[in-house]
Structure formats: C-alpha cells, structure tokens
Amino acid sequence: MKPVEVICGDVPIVLGLPHTGTHIPPAIFAQLNDIGQEKADTDWHIDRLYDGVLPNATTVRATFHRYVIDANRDPDGISLYPGQNTTQLVPLTDFDGRDIWQVPPSEHDMAQRCVDYHTTYHAALRAELDRVYQLHGMVILFDCHSIRSYIPYLFQGILPDFNIGTNDGTTCHPMMQHMVEQITMASDYTSVSNGRFKGGWTTRHYGQPNKGRHAIQLELAQSTYLTQENPPWTYDPTKADRLRNHLADILTTLTDIAPKLKGAS
C-alpha cells in the first residue's frame with residue numbers, strides 16, 4: 001500500500017489528513033500488544049466525513065497508522081506541548097497512557113520509519129501546497145483531525161466539539177481564524193480556539209501567513225459524528241450529515257475569502 005493518497009483539486013484549499021490511516025505493516029503490527037493492535041487512537045472516518053464537503057479540494061491523506069509514525073509530530077522529536085501529556089513521534093503509549101508495544105521500536109526503526117513514512121507524507125503535502133500556491137498566489141492548509149471527547153490523560157473534562165488551532169494566531173491571517181470562529185459559534189456545537197489543541201507540527205510548520213501560506217487545524221470531538229466513542233467506532237450518518245453542513249460552510253467561506261488573503265499577512 002502506498003503511504004500517501006493524493007487527490008488534486010483546483011480550489012485554494014488543501015485538506016491534510018495525517019491520522020485517518022489504519023494500515024500497519026505486518027512486521028510492525030506483530031510488535032504491538034493487544035492494546036496497540038486495537039488502533040484506538042485513529043481519527044476514525046475523518047476521510048469519509050470530509051469527502052465531497054468542498055468540491056475540487058485537494059486532499060493529502062496518510063494511509064499508515066499513527067502508531068507506525070505520527071505524521072503530525074516534529075520529526076526531530078520536539079514536544080508540541082512541553083510539560084503536558086502527549087504522544088511522541090513514534091508513540092510508545094496510547095492516549096490513555098497505556099503501553100502499546102510488546103517489542104518497542106528501536107532508534108533505527110524510528111529513523112527508518114521517518115524516511116519511509118513521515119518524510120514521504122510531507123513531501124506529498126508540500127508538493128500540493130506549492131502547486132496550489134502557484135495556481136492562486138496563496139494557499140490555505142486545513143488540517144483535519146478528530147479525537148475522543150473524554151481522555152483524562154490528555155485533558156480535563158469534556159473536549160469542545162470544535163477545536164480550532166492556529167498556534168495562538170500565528171499560522172494564518174486573523175480574518176481566517178475569525179471567520180471560522182464566527183461559523184462555529186453560530187452553530188449549536190461547542191467550540192474553542194487554541195485551547196488544548198493549538199495545531200500540530202503540520203499547522204505550525206506550514207503556516208506562514210507573511211508568505212501567503214495559511215494553516216489551520218480543526219480537531220473535532222468524535223462524539224459529533226460517531227455513534228459512540230468506542231469500538232467498533234461506528235460512523236453515524238445522521239450526526240455526520242448535520243456536521244458536514246457546518247464543515248461545508250467553513251470551507252466554502254474560506255474559499256470565498258481566499259482572494260482577500262492574497263498578499264496579506
């Protein structure tokens with residue numbers, strides 16, 4: 001299986017999907033313990049949720065699971081959230097802090113996976129961002145994520161439905177963040193900007209608004225579109241269709257304001 005799937009579009013938005021993949025090569029899968037083999041920390045069905053929400057959008061999707069290597073972590077292993085519980089470039093625990101390996105990966109394993117998967121994903125993402133930038137003179141990376149709404153190891157209480165991440169406003173033009181906030185606040189979903197999730201390495205790395213490259217991460221609580229947040233992680237079409245209307249509003253609005261962001265920082 002190819003580590004990355006790319007669909008090329010012609011609108012100024014690129015959708016990044018680094019955590020929807022479920023493929024784990026057999027040799028790596030055999031090294032996981034029973035907890036790891038459940039793949040509980042997947043961004044379940046996010047590719048289905050966003051499919052067709054914005055016609056002609058470019059999508060870059062990792063097919064490999066984040067337990068192989070996390071495409072949204074700094075390849076140098078620097079923590080996104082110093083002093084807080086989080087998972088590493090190659091996770092050693094799940095989101096509940098439980099060990100996931102029978103045979104933990106070696107330093108050599110991690111380095112090889114970085115070359116085979118992490119670098120490959122970001123080469124594809126960078127190529128599409130560059131291509132779309134050439135088309136429009138600017139580009140918006142919209143990084144698509146989801147997570148269980150209740151994970152005491154990672155955060156207190158119940159996570160809001162919409163979690164907008166722009167690394168405290170540094171990865172996109174203020175107008176862009178404001179428009180997304182207006183749409184989410186006008187809905188009957190809960191929302192927060194730059195709360196527990198401020199945007200991962202992808203958002204922080206590619207978000208350079210002074211260069212016409214804007215990035216925003218949206219972390220969705222999985223309760224907004226799954227029947228329940230545990231196995232078998234069933235997609236709920238009724239919940240999802242309601243949510244997709246809001247996602248379409250967000251992405252269409254960003255597409256509409258994109259010309260105004262050209263040359264702006």
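Those helices (runs of 4 or more DSSP H) of segment 9-88 in which at least 3 residues are crowded, with 19+ Cβ neighbours inside 10 Å, considering only elements entirely within it, cover 46-50. Being surrounded by 15 or more Cβ atoms within 10 Å (Cβ to Cβ) and either over 22 Å from Leu49 (Cα atoms) or out of contact with any Gly (no Cβ under 9 Å at 6 or more places or on another chain) (or both) is the filter here; which residues of segment 140-168 pass it? Listed by number, the residues that qualify are Ile140, Ser146, Ile147, Arg148, Ser149, Ile151, Leu154, Phe155, Asp161, Phe162, Asn167. Return yes or no: is Gln112 assigned to a loop (DSSP other than H, G, I, E, B), on the phi < 0 side of the Ramachandran plot and of a type in the set (S, T, N, Q)? Against the criterion (assigned to a loop (DSSP other than H, G, I, E, B), on the phi < 0 side of the Ramachandran plot and of a type in the set (S, T, N, Q)), Gln112 does not qualify. Number of residues in segment 194-226 that are of a type in the set (Ser, Thr, Tyr) and touching a helix residue (DSSP H, G or I) at 6+ places or on another chain (Cβ under 6 Å) equals 2. Selection over segment 147-180 of residues that are in contact with an Asp or Glu (Cβ under 7 Å, 6 or more places away or on another chain) and not in a loop (DSSP other than H, G, I, E, B) gives a count of 4.
Exactly one condition in (1) within 17 Å of the chain's Cα centre (by Cα); (2) farther than 21 Å from Thr87 by Cα; (3) not small (Gly, Ala, Ser) is not met by Thr184; state its number. Result: Thr184 fails condition (1) only.
Among the numbered criteria (1) assigned to a helix (DSSP H, G or I); (2) at positive phi, which one does Lys260 miss? Only one criterion is unmet by Lys260, namely (2).
Of all residues in segment 169-181 being touching a residue at least 12 places away in the same chain (Cβ under 8 Å) and more than 17 Å from the chain's Cα centre (by Cα), which is surrounded by the most Cβ atoms within 10 Å (Cβ to Cβ)? Applying the filter and picking the extreme gives Met176. Among all residues of segment 238-254, there is none that is at pLDDT below 95 and either charged (D, E, K, R) or out of contact with any Gly (no Cβ under 9 Å at 6 or more places or on another chain) (or both). If you check Ile257 against the conditions, is it touching a Leu at 6+ places or on another chain (Cβ under 8 Å) and in contact (Cβ under 8 Å) with a residue 12 or more places away in the chain? Considered against the rule, which asks whether it is touching a Leu at 6+ places or on another chain (Cβ under 8 Å) and in contact (Cβ under 8 Å) with a residue 12 or more places away in the chain, Ile257 comes out as no. Scanning segment 163-182 for residues that are of a type in the set (S, T, N, Q) and either touching a helix residue (DSSP H, G or I) at 6+ places or on another chain (Cβ under 9 Å) or under 16 Å from Asn72 (Cβ atoms) (or both) yields Asn163, Thr166, Asn167, Thr170, Thr171, Gln182.
Being at positive phi, under 19 Å from the mean Cα position of the chain (by Cα), of a type in the set (Phe, Trp, Tyr) and at pLDDT 95 or above: is that true of Trp233 here? Yes; evaluated as a whole, the condition is true for this residue. Against the criterion of being under 14 Å from the mean Cα position of the chain (by Cα), modelled with pLDDT of 95 or more and of a type in the set (Phe, Trp, Tyr), Phe64 qualifies. Quick one: is Met185 over 24 Å from Asn72 (Cβ atoms) and touching a residue at least 24 places away in the same chain (Cβ under 8 Å)? When the stated conditions are applied, Met185 does not pass them.
The values are calculated or read from the model by the stated rules, or taken from the named source; none is laboratory data. Given the structure is predicted, the values throughout are model-derived calculations rather than measurements. Cβ atoms come from the backbone with ideal geometry, glycine included; neighbour counts cover every protein chain shown.
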